[in-house]
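What follows draws every value from the coordinates through simple rules; no lab data is involved. Bear in mind the structure is a predicted one, so any value in this text is a computation, not a measurement. Because the Cβ atoms are built from the backbone with ideal geometry, glycine has one as well, and the counts that use them run over all protein chains shown.
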Amino acid sequence: MKNRIVVSAVCVFDNAGRLLTVRKRGTAMFMHPGGKPEAGESAVQAAARELAEEVGIILDPSELQLMGVWIADAANEAATDIEATVFMAPGTWEAHPSAEIAEIRWLDLAGLGDGPGLPSDLAPLLTDHILPELARLA
């Protein structure tokens, strides 16, 4: 049986319509900004806190829009699933790596296509669930 980690994550876009991804220090995979809720924190509160800590985007939790909850293979931990509650940040943003974030990368969704067009260093939550959902919403 796989371990399961509960996380919150946020889809953030810049003014060119690109999706923000982050790579945490000591890891190779890019994913959404986000992380584990602290004790007593709701999924949306965790999402807003992590967004501020990791990339300097300050939002009231009530502004985040729920996209859905998905289970995916954890990007950086073997034999582990994540249960991710994913939100969308309204508007467009600039982001700056801080806390444990080593690097940010903006993904041009229009230029990705499917399959071979996807970078190989994207977390399974992104490739298996979020990118198809964003394509469906477009």
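If you go through the stretch 1-29, how many residues are touching a strand residue (DSSP E or B) at 6+ places or on another chain (Cβ under 9 Å), assigned to a loop (DSSP other than H, G, I, E, B) and either among the charged types (D, E, K, R) or within 16 Å of Asp81 (Cα to Cα) (or both)? Selection size over the stretch 1-29: 5. Taking into account only those residues within the stretch 30-43 that are surrounded by fewer than 20 Cβ atoms within 10 Å (Cβ to Cβ) and in contact with a strand residue (DSSP E or B) (Cβ under 7 Å, 6 or more places away or on another chain), which is farthest from Asn76 (Cα to Cα)? Checked the stretch 30-43; the qualifying residue farthest from Asn76 (Cα to Cα) is Pro37. Residues in the stretch 30-39 that are in a loop (DSSP other than H, G, I, E, B) and not acidic (Asp, Glu): His32, Pro33, Lys36, Pro37, Ala39.
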